[in-house]
Amino acid sequence: MEGKIQQLRKKFQKVELIILDEMGYIPFTKEGSELILQLFSDWYEQKSIIIITSNLEFSQWNRVFMDSRLTAALVDLVIHHAHILSFTGESYRVTHALSR
């Protein structure tokens, strides 16, 4: 398992844009949460663009990662140099679906 994790981390070294779309719909396992923390740590101040979309506020990320200390570390890494865009109001998709 450790060899596969190292292979995954090595693959991400070559990636210039990382997009995590719809974060929060499916909770991470303990191992998955630890892996994403390791990847975020690897990317911290190394990758110029990481885009994360989520319908959850940061305070609700505990439901995704299941560990408050790990979640706090993730949020800290994500927001340190971030430009946070928050959109409120009706969903574009829902609005267009209802207008049909």
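The values are calculated or read from the model by the stated rules, or taken from the named source; none is laboratory data. Small disclaimer: the values here were computed from a predicted structure and weren't measured. Positions of Cβ are generated from backbone atoms using ideal geometry, with glycine treated the same way; all protein chains shown enter the neighbour counts. The accessibility values were calculated without ligands, DNA or RNA, using every heavy atom of the protein model including side chains. Shrake-Rupley method; radii C 1.70, N 1.55, O 1.52, S 1.80 Å.
In region 43-98, which residue that is in a helix (DSSP H, G or I), at pLDDT 85 or above and charged (D, E, K, R) is most open to solvent (accessible area, probe 1.4 Å)?
R69
Can you find a residue that is under 25 Å from Q13 (Cβ atoms) and touching a His at 6+ places or on another chain (Cβ under 9 Å) anywhere in region 46-68?
No.
Just name the residue that is least open to solvent (accessible area, probe 1.4 Å) out of those in region 1-17 that are closer than 17 Å to G32 by Cβ and among the basic types (K, R). Outline the logic, then answer.
Quick first cut of region 1-17, residues closer than 17 Å to G32 by Cβ only: 1-2, 4-9, 11-12.
With among the basic types (K, R) added as a condition, the list becomes 4, 9, 11.
Working: K4: 144, R9: 57, K11: 141 Å².
Step by step, filter region 1-17, then rank; the result is R9.
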